[in-house]
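The values are calculated or read from the model by the stated rules, or taken from the named source; none is laboratory data. Note that the structure is a prediction, hence the values are computed from the model and not measured. Glycine also receives a Cβ, built like all others from the backbone with ideal geometry; neighbour counts cover every protein chain displayed. The area values use the complete protein model at the heavy-atom level, side chains included, leaving out ligands, DNA and RNA. Shrake-Rupley method; radii C 1.70, N 1.55, O 1.52, S 1.80 Å.
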Amino acid sequence: MSDQVIIRFEGVTKQYDQDIPVLNDVSFEIERGKFYTLLGPSGCGKTTILRLIAGFTEATQGEIYFNGNVINNVPANKRQVNTVFQDYALFPHLNVFENVAFGLRIKKTKKEEVAKKVHEALAFVNLEGYENREIREMSGGQRQRVAIARAIINEPEVILLDEPLSALDLKLRTEMQYELRELQQRLGITFIFVTHDQEEALAMSDEIFVINRGKIQQSGTPTDIYDEPINRFVADFIGESNIVKGKMLADHLVEFVGKQFDCVDQGLNPDEPVEVVIRPEDLEITTRERGKLQVRVDSQLFRGVHYEISSYDKDGNEWLVHSTKKATVGDEIGLYFDSEAIHVMRFGETEEEFDKRLEAYGDGVGNEE
Amino acid sequence: MKSKLSRNLYAIPYALWILIFVVAPIVLVLYYSFFDIEGNLSLTNYINFFTPVYLKMTLSSFWYAFLITAFTLLISYPTAFLLTKTKNKQLWLLLIIVPSWINLLLKAYAFLGIFGTYGTANSLLEVLGIGSKQILFTDFSFIFVSVYIFIPFMILPIFNALDEMSPTLLDAANDLGASAWTTFRRVIFPLTLDGVRSGCQVVFIPALSLFMLTRLISGNRVITLGTAIEQQFLVTQDWGMGSTIAVFLIIIMFVFVALTGSRKRGM
């Protein structure tokens, strides 16, 4: 275990009563100074992980390590982490200054130092001059910043953020994504960010943990997860995908929709049934003759940057295409794609096996754009 | 213009109500307070009020009302707090409120039975080997029964204030390093202060003018302003003096409400 690891989960299970576990035997490591995102649909267990780290709830089984020490029994108020809550949880009876100063007041910090630190923290989140405002006088975005200032003033080693952007409107949310990322880099501390918004996760994180049904499905950098999803859930949850059933004939040769295609995947068993993923933006519209696939355009939506075209092949599989070129509904068109655009997923492959197989490909092929 | 007119029309019943049942009685009380027992216009009642007899009565009223409010608060706050933690909190709340639907007089008579010389309380003391005591007609019984009667009125506003509070605020305080006690002191209590204030108002003000309990439970050993007013009107037939005491009672109530009124949040 390297010094870089700050938080480690070992076989952590969380179960309420006799229900299905919210978290089921989860193990992972969090390194210092990185921006992590726990991504998953609601009820997948991502917030539970956060609450376990913060100490608001106890693990049913397994160990949680912080800086190498088990912290299962350390109460929340003694942990070196601070949380930014979904509804911000600012104290309505205190003004901005006192909200930010809350942690310092409890530590009985000297008056002058409190004033200095609060000022610094507010400057950090661009809220200078708002010290005497009441919380109800602040807008959603400003409250968000107060909550962040309140969390960073204690100089924690880890900051936990529980869907903090979900209450903001789209424009503000995008702005705050940049700001949070920049803030994390300036502070140089670990951020663990919980969200169900895949775009948010892809835009901000160093590492993403995709979680579903109390299990970590896949972890990795945003590009890894986007380009090489491990299973149908991840492929479907992150970005849009065309997923069809296929068969791996041999290394670098896969069969689907009744045709054979060159691909970059290898190390599978001959004739192994697989699922094939092709991202909509990797499909290119061309003439029927030049296309690797022939499909009929069913509908088309203008999305601003691109057209989202839904089309069906003769077997009835839907093919979603993102294209800057317009198609005509009802036309028969061809779809062209590179062999790198094909991503093959095995059924029931664990993350470990998956990583091992990917490593065998060597660098440069398939991993990067 | 039409909507303004109709709005004014709708206000008439309320204005009449307030005029007849709020303003008029106060004006009448004020009017009668300036007549002495012979029916002459004078300020003697006001001069009399500042004699030791009435001042002492006022002070003792205050003292008992204060004790009743304090004990009621002491019991109600933890109860309300525990209530919010229970699973069927609305049911428990209902059970606590139900006794307040029963007539005050009936409850007072029930306590006469319980606290009497051969009552339940004394039988219990006998069994415990302490021996029977004079419970009825003491300060203790007066305060005990008053507190019992006022508890639901104190619990309700405090319970509501606690219930409205977002539980993540407690997580937040805990997260920022606060222990359970600090969280209570710095977050929970300040946020429920409005509930405590209105609870104290609904207890303290009626407690100032309690009169039936003073006779039934404390056997007129405790004489509050309420008792004094009742006696002046019904026994002495000195409506002027009774009104004067009532005027002071009203003034005290206004002062108390003004003092305990909810202030702007955040100093």
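The distance separating the Cα centre of the stretch A:287-363 from that of the stretch B:49-89 comes to 75 Å.
Per residue of A:90-96, other chain Cβ atoms within 10 Å of the residue Cβ number 6 on average. Lys-Lys pairs in the stretch A:108-256 that are eight or more residues apart or on separate chains and whose Cα atoms lie under 29 Å of each other come to 4. Comparing A:D197, A:D17, A:D271 in a Gaussian network model of chain A (Cα springs below 10 Å), the most mobile by mean-square fluctuation is A:D17.
When the Cα atoms of the stretch A:241-359 are enclosed in a convex hull and the volume is divided per residue, what value in Å³ results? Write down the numbers at each step before the final one.
Working: hull volume 12.9 nm³, N = 119.
Expressed per residue, the convex hull around the Cα atoms of the stretch A:241-359 is 109 Å³.
The calculated FRET efficiency for the pair A:K110 and B:F184, based on their C-beta separation and a Förster distance of 35 Å, comes to about 0.90. Roughly how many whole Å is it from the C-alpha centroid of the stretch A:177-255 to that of the stretch B:204-267? If you average the Cα positions of each part, the centres end up 71 Å apart.
In chain A, the longest principal axis of the Cα atoms and the axis of helix A:96-106 are about 70 degrees apart.
Compactness check for the protein assembly as shown: Cα Rg over 2.2 N^0.38 Å is 1.43.
Here B:K89 is the anchor, and the aspartates and glutamates within straight C-alpha reach of less than 19 Å, apart from those fewer than 8 places off in the same chain, are B:D163, B:E164.
Can you pick out the pairs among A:K46/B:K85; A:K14/A:K46; A:K34/A:K356; A:K259/A:K314; A:K292/A:K326 whose Cα atoms lie more than 22 Å from each other? Pairs exceeding the cut-off: A:K46/B:K85; A:K34/A:K356. For the options A:G239, A:G330, A:G43, a Gaussian network treatment of chain A with springs between C-alpha atoms closer than 10 Å singles out A:G330 as fluctuating the most.
Assuming a ≥ b ≥ c are the square roots of the Cα gyration tensor eigenvalues, decide whether the stretch B:50-260 counts as rounded (a/c under 1.5), prolate (otherwise, with a/b larger than b/c) or oblate. Intermediate values should be presented prior to the final figure.
Working: a/c = 2.41, a/b = 1.42, b/c = 1.70.
Oblate is the answer for the stretch B:50-260, as a/c is 1.5 or above yet b/c matches or exceeds a/b.
Compute the acute angle (0 to 90°) between the alpha-carbon long axis of helix A:140-152 and the principal axis of greatest extent of the alpha-carbon atoms of chain A; round to the nearest 10°. The helix A:140-152 is inclined about 70 degrees to chain A.
If the segment from A:T328 to A:S42 were pulled out straight at 0.36 nm per residue, it would be longer than the present Cα-Cα gap by 99.2 nm. Taking the longest Cα principal axis of chain A as reference, the axis of helix A:351-360 is set at about 60 degrees.
Compactness ratio of the stretch A:5-227: Cα Rg over 2.2 N^0.38 Å, N = residue count? The partial results should precede the final answer.
On the way: Rg = 17.4 Å, N = 223, 2.2 N^0.38 = 17.2 Å.
Rg over 2.2 N^0.38 Å, computed on Cα atoms: 1.01.
The HN-Hα couplings worked out from phi for the stretch A:231-246 by the Karplus form 6.51 cos²θ - 1.76 cosθ + 1.60 (θ = phi - 60°) are 8, 4, 4, 5, 4, 6, 6, 9, x, 9, 9, 9, 10, 10, 6, x Hz, whole numbers, x standing for Gly and Pro.
Can you say what percent of the DSSP beta bridges in the protein assembly as shown, counting only those with both residues inside, are antiparallel? Round to 5.
DSSP beta bridges in the protein assembly as shown are roughly 75 percent antiparallel.
Of the whole protein surface, B:F34 contributes about 70 Å² of accessible area at a 1.4 Å probe radius. Need one number: the % of Cα-Cα pairs in the stretch B:1-84 sitting beyond the 19 Å mark. That tail contains 71 percent of the Cα-Cα pairs. Residue-wise, which Karplus ³J(HN,Hα) couplings in Hz belong to the stretch A:273-284, taking 6.51 cos²θ - 1.76 cosθ + 1.60, θ = phi - 60°, and x for glycine or proline? With coefficients 6.51, -1.76 and 1.60, one gets x, 9, 10, 10, 10, 10, 6, x, 7, 8, 8, 10 Hz. Accessible area of B:K85 (1.4 Å probe, protein heavy atoms only, ligands and nucleic acids ignored): about 130 Å². Around the amide H of B:F35, modelled in the peptide plane, lie the amide H atoms of B:S42, all under 5 Å away and 5 or more residues distant in sequence or on another chain.
Per DSSP H run of at least 4 residues, take -39500 (n - 2.57); add these up for chain A, divide by its residues and hand me the 222 nm value, nearest 500 deg cm²/dmol. Could you put the intermediate results ahead of the total?
On the way: 9 runs with 94 residues, N = 369.
Calculated at 222 nm, the ellipticity per residue is -7500 deg cm²/dmol.
Computed over chain A with a Gaussian network model linking Cα atoms closer than 10 Å, the most mobile of A:E31, A:E113, A:E351 is A:E113.
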